[in-house]
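First comes the structure, then the notes that go with it.
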Amino acid sequence: MYADRVLSGMRPTGSLHLGHYHGVLKNWIQLQHEYECLFFVADWHALTTQYDNPRGIEEATWQMVIDWLAAGVDPSKATLFIQSQVIEHAELHLLLSMMTPLGWLERVPTYKDQQEKLVEKDLSTYGFLGYPLLQSADILIYRANQIPVGEDQVPHIEFSREIARRFNHLYGKEPGYEEKAEMAVKKLGGKKAKLYQELRTRYQQEGDDAALDSARALLGETQNLSLGDKERLYGFLEGGGKMILTEPEALLTVASKMPGLDGQKMSKSYHNTISLREDPEQVGKKIRTMPTDPARGRRTDAGDPEKCPVWQLHEVYSGDDVRAWVRQGCTSAGIGCLECKQPVIDAMLKELAPIQERARAYMEEPDVVKNIIADGCEKARDLARETMRDVREAMGLNYG
Ligand code: TRP
Ligand code: SF4
């Protein structure tokens, strides 16, 4: 019923590394050309685990935004904002909290996982339990339907769907809903009204999904209905009420996992990262000191790329020709490891150069960054306010 809208958030971790670039940002940059996109800094989410030390969050936010921009996230295409600067997220979170069963939150797998992982922190807090609900508010307040996230976040999207469904079920039925829906059907006009009724019956009685799709398409191309009537009829199709909140889906992409310097996934907690603003000298040094296949103790010992973390970097950075050269040279001891690493260093530096140049420019002009975010926050606020009007009205809280 609404056009596709993409939304994603990142907790503010300060400046980003190549893992973020290959795993997340490249995907965002692609999506911004294809969809309406909203990307935001989830600074309140950072508080769920960092409530004892919130001072660094603001600086981490600005550094992260600089890296988004430097990487190529384009503020003329995507809306960039900060969660806490659109306080409507908090209002929706609060209203949703009233109807969220505790058991649903306790069953979200990340809840126990994270608590066990971060044992040194006391995470038996209200805010931490509510993490997925705050995330639901982030998503639902924009009626975003496509949420690019990693595999680990899929349960949170699933949870958000359930919350949207429950909300629509509880509050989507205005007084006199059935009558109003029947009236709206009539307004479709004889032929269309009849077709709508037939398709609705086929879907509700036989579970015919194709009929549901056709009926939605029919509504999609209908011009003479008010927005309210249209929404009523979308909801009426499925037997429920008005769809006030949209159920989102996870937008999974083939995750390009960026290997770190030790062959494990690149991650700050493994200390195996190359930062987007890493000094070029340092990049060379880090790659040159990377471990290789231990079988190649001497230059004359042959090796096996499959047992070497450098090979995983060739898989990210090298074309077929270079890879063939590596395989041949490694297994025959024809090349040395330093020689093998050079094309990776070159490719990485080539990738980083324009990013670093842009990052420098943004660092020199913090006002430019602040203005981009101020604009984004304003746009986001307008969208959030629109949804909140409908939410308050559905709950009978608009005091108009
Ligand atoms: N929980 C997400 C993460 O840790 C961050 C996030 C917060 C988010 N709100 C969101 C992601 C809404 C997508 C949509 O990665
Ligand atoms: Fe690894 Fe390359 Fe050395 Fe082979 S030659 S062990 S692939 S660094």
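Here are the numbers for this structure:
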quantity: In the range 265-301, residue surrounded by the fewest Cβ atoms within 10 Å (Cβ to Cβ) [restricted to those that are within 16 Å of ligand 1 (Cβ to nearest atom) and assigned to a helix (DSSP H, G or I)]; calculated: 269
quantity: Subset of the range 14-33 (residues that are of a type outside the set (S, T, N, Q) and within 13 Å of residue 74 (Cα to Cα)); calculated: 25, 26, 28, 29, 31, 33
quantity: Residue within the range 302-310 that is within 16 Å of ligand 2 (Cβ to nearest atom), more than 29 Å from the chain's Cα centre (by Cα), assigned to a helix (DSSP H, G or I) and basic (Lys, Arg) present; calculated: yes
quantity: Test for residue 7: is it closer than 30 Å to residue 223 by Cβ and crowded, with 20+ Cβ neighbours inside 10 Å; calculated: yes
quantity: Pairs with Cβ under 8 Å, 6+ apart, first in the range 128-151 and in the same structural domain as residue 44 (by TED's automatic domain parsing) and among the charged types (D, E, K, R), second more than 8 Å from ligand 1 (Cβ to nearest atom) and assigned to a strand (DSSP E or B); calculated: 143/5
quantity: Candidates 359, 353, 347, filtered to the one that is assigned to a helix (DSSP H, G or I) and surrounded by fewer than 12 Cβ atoms within 10 Å (Cβ to Cβ); calculated: 353
quantity: All positions within the range 180-201 that are β-branched (Val, Ile, Thr) and in contact (Cβ under 8 Å) with a residue 12 or more places away in the chain; calculated: 185
quantity: Residues of the range 323-346 classified as within 11 Å of ligand 2 (Cβ to nearest atom) and either out of contact with any helix residue (DSSP H, G or I) (no Cβ under 8 Å at 6 or more places or on another chain) or β-branched (Val, Ile, Thr) (or both), total; calculated: 10
quantity: Check on residue 159, touching a Ser or Thr at 6+ places or on another chain (Cβ under 6 Å) and either in the same structural domain as residue 23 (by TED's automatic domain parsing) or within 16 Å of ligand 2 (Cβ to nearest atom) (or both); calculated: no
quantity: Exclusive hit being modelled with pLDDT under 90 and either closer than 30 Å to residue 21 by Cα or among the aromatic types (Phe, Trp, Tyr) (or both), set 118, 123; calculated: 118
quantity: Filter pass, residue 338 being of a type outside the set (Asp, Glu) and either under 30 Å from residue 246 (Cβ atoms) or surrounded by fewer than 16 Cβ atoms within 10 Å (Cβ to Cβ) (or both); calculated: yes
quantity: Those helices (runs of 4 or more DSSP H) lying entirely in the range 122-229 with at least 1 residues charged (D, E, K, R) and either loosely packed, with under 12 Cβ neighbours inside 10 Å or in contact with a Phe, Trp or Tyr (Cβ under 9 Å, 6 or more places away or on another chain) (or both); calculated: 131-140, 154-171, 177-187, 190-206, 209-220
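The values are calculated or read from the model by the stated rules, or taken from the named source; none is laboratory data. Just so it is clear, the structure is predicted and the values come from calculations on it, not from any experiment. Counting neighbours? That spans all protein chains shown, and the Cβs are built from the backbone with ideal geometry, glycine included.
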